[in-house]
Each structure stands twice: as structure tokens, then as C-alpha cells.
1. Go over the candidates Ala29, Ala15 one by one and state the one that is free of Cβ contacts under 8 Å to residues at least 12 places away in the same chain, surrounded by 14 or more Cβ atoms within 10 Å (Cβ to Cβ) and assigned to a helix (DSSP H, G or I).
2. Which pairs do you get when a residue that is in a strand (DSSP E or B), found in segment 33-48, comes within reach of a residue that is at pLDDT below 95 and surrounded by 14 or more Cβ atoms within 10 Å (Cβ to Cβ), reach meaning Cβ atoms under 8 angstrom, with the pair 6+ apart or on two chains?
Amino acid sequence: MSEESRELLSLKEAAAISPYGAGYLNLLARKGKIKATKIGRDWLITKSDLFEYIKKQHQESTTREQHLAHYLQAIK
């Protein structure tokens, strides 16, 4: 793993490089949906963990779309 991918980002910084807002990332961190660490009052996440979550969400979205398309074809 590269040094850059282990770099800790605040959720505001993570929001700037992702499709999610800082508030939503905060919610995901509090619910344990993303790998984030709370230091004091701030949540921090690594770039690699952020990109891993984005990739996982994209894959799940693609799978849902495929299932929906299959279902719609079946009911025609």
C-alpha cells in the first residue's frame, strides 16, 4: 500500500474527492458503514478506505440495476 493511500483525510477533505458530502460521510462513519477513525471530535479516513467504499457502492449499484433489468424483462 502506498504512503499516499494510507494518508488520513478529514471527512471534509474526503468529501472534496468523492461523490459524497461531509455530512453523509459522517453518518456512514457513525454507523460503522465506512472504515473511519474518530480522533477527538473529528472522523478521519484513509484514501484507500474511501475509494474501497466508493468501489463497493458502485458494484452493488450495478448489480441492483442488472437484477431490475432482468426482472423487467421477465414481466414483459
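The values are calculated or read from the model by the stated rules, or taken from the named source; none is laboratory data. Since we're looking at a predicted model, the values are computed, not measured. Here the Cβ is made from the backbone with ideal geometry for all residues, glycine too, and neighbour counts use every protein chain on show.
1. Details: Ala29 fails: free of Cβ contacts under 8 Å to residues at least 12 places away in the same chain.
The unique qualifying residue is Ala15.
2. As it stands, the answer is Thr37/Leu8; Leu44/Leu8; Ile45/Leu8; Thr46/Leu8, since those pairs meet every condition given.
Rundown of residues vs (1) at pLDDT below 95; (2) among the hydroxyl-bearing types (Ser, Thr, Tyr); (3) within 15 Å of Ile54 (Cα to Cα), yes/no style:
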| position | (1), (2), (3) |
| --- | --- |
| Ser2 | yes, yes, no |
| Ser5 | yes, yes, yes |
| Ala14 | no, no, yes |
| Ile17 | no, no, yes |
| Leu28 | no, no, yes |
